Amino acid sequence: MDSVKKISILWFFIHFALEVICFQFYGRYFGSLETAALMALLYDIFAFFPQFFIGGLAERVPRLPVGMLGAIMVLLGGAGAFCPAGILRTTGFFVLSLGNAFVHVGGAKATLFSCKDKIAPSAVFVSGGSFGVVTGKLLGASDKTFLIGFVTMLVGGVLIYFADRICERAGESYPDIKMADKRRNTAVVIMLAFFVVSVRGLMSYSIPTAWNKTALQTFCLFSMMGIGKGLGGILSDKFGAKKTALVSTVLSLPLLIIGGNVMWVSLIGVALFSMTMASTLGILVSAAPKHPLMAYGVTTTGLLVGTIPAFYPPVKNFISQISFLAVLTLVCIAALYYIMSPDKDLKEE
């Protein structure tokens, strides 16, 4: 197995471990109706928003072990779960959330700086998080001992050490991804890609899933999100990024519309729409080739912007309407068509 595959697989499991501890902490100690929405919003802000700035720091200080630093923060913050309820536990949760941001940037750095012109390594890394989120949620909801999440992240920290050693031996270089159409204005490309990411974040909270009533169904939902993210990168490298992005998004729309009460139809639609993760990351990295980690931070900021409206019930009810979701998806299709480089151009290069 070559070093790129080893790095992407290791970071798949690291990302899984990271989200297990974070979401078990949240679900076990802050999942009550009184605090759930507020703590979830604060978690998203601490975990998503700083990644743009952490990415800039990691670019300026290449030898900064950003992933390992994040893992230490996550474990130190996670230790707060063993304290009595109060300021120490709450502070620990916020330290853990900020550590989450550092670990994410570490994964982006490892996979982007080893991928050359491929997006699959980063897509595989990101996909691991979906499996970790649902595992952590279910562990927290079932009130399982927090030692499970803590030990899982300890293993994740060990995996970061091995992944860093592989990266050192393989060497690092800036990615050579070229998904953005060079004929388009760079600022327009970034803004439209940011919009598509925000819509993906919004739809993760507003897709009609009346069928989702059991723990197994929830696991299937998040698993299909993860599968879609990973497949989006793999298929983009194999068949072309623009073709993969447009076909998957077009096919997702009718399935999401008619799948509100039909589990398997909905799951296929969710997986298809999740494929845009790889496309938008590739577009942003190719639009800002000298700042790939900051470009990655733009995607997480977009997700944050997309999820915020879902915390306000009247807005969530509005955005859950089928007609609204359909319009948003169609706009995303148009945006991707406009800003993505034709696949044939990449082959010619």
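Things worth noting here:
- Scanning segment 172-196 for residues that are of a type in the set (S, T, N, Q), assigned to a loop (DSSP other than H, G, I, E, B) and within 26 Å of Leu328 (Cα to Cα) turns up just one, Asn185.
- First in segment 260-278 and polar (S, T, N, Q), second anywhere and part of a loop (DSSP other than H, G, I, E, B) and open to solvent by less than 10 Å² (accessible area, probe 1.4 Å), Cβ under 6 Å, 6 or more apart: Ser266/Gly259
- Residue that is nearest to Asn317 (Cα to Cα) [pool: residues in segment 203-216 that are open to solvent by less than 40 Å² (accessible area, probe 1.4 Å) and part of a helix (DSSP H, G or I)]: Ser206
- Boolean, Val327 is more than 30 Å from Ser97 (Cβ to Cβ), without any contact (Cβ under 8 Å) to a residue 12 or more places away in the chain and in contact with a helix residue (DSSP H, G or I) (Cβ under 6 Å, 6 or more places away or on another chain): no
- Any hit, segment 37-53, residues being polar (S, T, N, Q) and assigned to a helix (DSSP H, G or I): yes
- Taken as a whole, the structure leaves Ser248 outside the set of residues that are of a type in the set (Gly, Ala, Ser) and open to solvent by 10 Å² or more (accessible area, probe 1.4 Å).
- Qualifying position, being touching a strand residue (DSSP E or B) at 6+ places or on another chain (Cβ under 7 Å), of a type in the set (A, V, I, L, M) and assigned to a helix (DSSP H, G or I), among Ala334, Ala295, Ala245: Ala245
- Matching entry among Phe82, Phe94, Phe30, Phe53 (being in contact (Cβ under 8 Å) with a residue 40 or more places away in the chain, surrounded by fewer than 17 Cβ atoms within 10 Å (Cβ to Cβ) and either under 25 Å from Ser142 (Cα atoms) or touching a Lys or Arg at 6+ places or on another chain (Cβ under 7 Å) (or both)): Phe82
- Taking (1) part of a loop (DSSP other than H, G, I, E, B); (2) surrounded by 20 or more Cβ atoms within 10 Å (Cβ to Cβ); (3) over 21 Å from the mean Cα position of the chain (by Cα) in turn, Cys167 satisfies each apart from (1).
- Filtering Leu256, Leu304 for residues that are at pLDDT 90 or above and in a helix (DSSP H, G or I) leaves a single hit, Leu304.
- Meets criteria (within 21 Å of Thr145 (Cα to Cα) and not in a helix (DSSP H, G or I)) for Gly31: yes
- Of all residues making up segment 107-147, the number that are touching a helix residue (DSSP H, G or I) at 6+ places or on another chain (Cβ under 6 Å), open to solvent by 10 Å² or more (accessible area, probe 1.4 Å) and of a type in the set (Val, Ile, Thr): 4
- Filter result for Ala180 (surrounded by fewer than 19 Cβ atoms within 10 Å (Cβ to Cβ), touching a residue at least 24 places away in the same chain (Cβ under 8 Å), of a type in the set (A, V, I, L, M) and under 30 Å from Leu255 (Cα atoms)): no
- Here Ala85, Ala101 are screened, and the one residue that is of a type in the set (Gly, Ala, Ser) and either in contact with a Pro (Cβ under 9 Å, 6 or more places away or on another chain) or part of a helix (DSSP H, G or I) (or both) is Ala101.
- Which listed residue, of Lys316, Lys242, is modelled with pLDDT of 90 or more and of a type in the set (Lys, Arg): Lys242
The values are calculated or read from the model by the stated rules, or taken from the named source; none is laboratory data. These numbers were taken from a predicted model, which means no experiment stands behind them. We place every Cβ from the backbone using ideal geometry, glycine too, and count neighbours over all the protein chains shown. We work out accessible area using only protein heavy atoms, side chains counted, and drop any ligands, DNA or RNA first. Shrake-Rupley method; radii C 1.70, N 1.55, O 1.52, S 1.80 Å.
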